Amino acid sequence: MKQPKKEILDEKEKQKEIKINQKKRRFTKKIFIYIASLLVVIYTIYAIYLLIKQPTDIFTLEEGTLYSEETDIGYVIRDELVIQGENYKNGMEKIKSEGEKVAVNEAVFRYYTKNEKNLESKIAELDTKIQEVMANKTELPASDMKPLETQIDQKLLEISRINDTTKLQEYKKQINELITKKANIAGDLSPQGSYLKQLIEERKKYEKELNSGAEYVKSSKSGVVSYKVDGQEEVLKPTEECFSTLTKKYLENLDLKTGKIVPTSEENGKIIDNTYCYIATISNTEEAKNSQVGNKVKVRLPSGLEVLAEITYILQEEDDIVLILKIGKGVEELISYRKISFDLIWWSEKGLKVPNQAIVKQNDLSYVVRNRAGYLNKLLVNVKREGEKYSIVEPYDTEQLKELGFSNEEIISYKKISLYDEVIINPDLTKVEK
């Protein structure tokens, strides 16, 4: 049976109306989502703005350190004496190793003789022959030989544990001396004209020739030995005459590379006074311009070691200041360098670190507002040192409060700031006082 035409039309109208309502709901939902998203974005931007403008309303006090420092280039000046002999072209054997202390008139190194390798080769051949002959001689007295053999065995054991080249050469020399002594005893006990006697006499002749041609270079002062010679030893000297010539242009014209290790010389060495050295530096900061001879500062060396320094000389130019700093520690670690990068610390202060925004001034006194469980207290603080963003503060002691004119009652009721206290950023003192 067919459905009436009117009913069919009504059904179509209903379906059409349903679709229209669904579209309206979807549109309304989209509008709501867009508005909500926009609000979230606006809130996020506002929160970020507030965070940048004022990161937090509360700051917890902790121990901290403030520095006023700058990174500079320094030229190392030492009291150093270059030592050199006549036969420096022959090559050298180091008797004292790098960094080893030496006394006055003590041998530091020696130059080889012209025929040293040939003579040493002949002596080595004779030593082999002497050892072979001695090994077959059973009549040698054990009382004379046994102590020497024990010393030789001990030295051979010790030499296996040594890595230092200079020390290794010294031990080899001692072993050769013990072997020679052993051979001489055997030669003295051998009959005149014997083969062993002839070998030992021949060895003595070569050894005498070797020693007579060697040139030993000795120290004329005590100090530390170094073989790092760069030719600046007579240019950068720790004298007032030298200091007066160290202008910015003069130092830059030395054409030295920052951080470059001074090469080791194979012709000479030097003796360094390791009790102190100087660093010449150029600065144009306000601290440098206001500095005076005798001022104490700190120097942070390339290794990170902080050492006390004293300004001993100031040369003022138009825009730059040349400072000569004297240090008494860390000298050894600068021996290998002539030009370094270092930190010049004008001052440093340790204590309770607080943002400058938390400090307010009132009647030439400094205050912070402490928040303790919601209770706000205005606390008087002593600002020891003020930096760009932070200050180091501490509570006043009784004597200081008396000097400020506080009464005994006020001193007794004085509340001190302490570690881990929470202070308000940008506080309103009028609200606290009310």
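For Tyr67, state whether it is surrounded by fewer than 16 Cβ atoms within 10 Å (Cβ to Cβ), of a type in the set (Ser, Thr, Tyr) and touching a residue at least 12 places away in the same chain (Cβ under 8 Å).
So Tyr67 passes the test.
Any chance you could count how many residues in segment 371-411 are modelled with pLDDT under 90, of a type in the set (A, V, I, L, M, F, W, C) and either in a helix (DSSP H, G or I) or loosely packed, with under 10 Cβ neighbours inside 10 Å (or both)?
So the answer is 2.
Would you confirm, using the coordinates I've provided, whether Lys101 is more than 32 Å from the chain's Cα centre (by Cα), basic (Lys, Arg) and surrounded by fewer than 16 Cβ atoms within 10 Å (Cβ to Cβ)?
no
Tell me yes or no: at least one residue of segment 384-395 is free of Cβ contacts under 8 Å to residues at least 40 places away in the same chain and polar (S, T, N, Q).
no
Just to confirm my filter: which strands (runs of 3 or more DSSP E) fall fully inside segment 70-121 and include at least 2 residues that are under 18 Å from Asn211 (Cα atoms)?
Counting at least 2 such residues, we get 92-94, 107-111.
So which residues in segment 302-358 are over 20 Å from the mean Cα position of the chain (by Cα), free of Cβ contacts under 8 Å to residues at least 40 places away in the same chain and under 26 Å from Glu62 (Cα atoms), if there are any at all?
The answer is Asn356, and nothing else.
Within segment 216-230, which residues are among the basic types (Lys, Arg) and assigned to a strand (DSSP E or B)?
At the first step, the residues of segment 216-230 found to be among the basic types (Lys, Arg) are 218, 221, 228.
Scanning segment 216-230 gives Lys218, Lys228.
The values are calculated or read from the model by the stated rules, or taken from the named source; none is laboratory data. A quick note: this is a predicted structure, and the numbers were derived from the prediction, not measured. In this analysis, Cβ positions are derived from the backbone assuming ideal geometry, glycine residues included, and neighbour counts consider all displayed protein chains.
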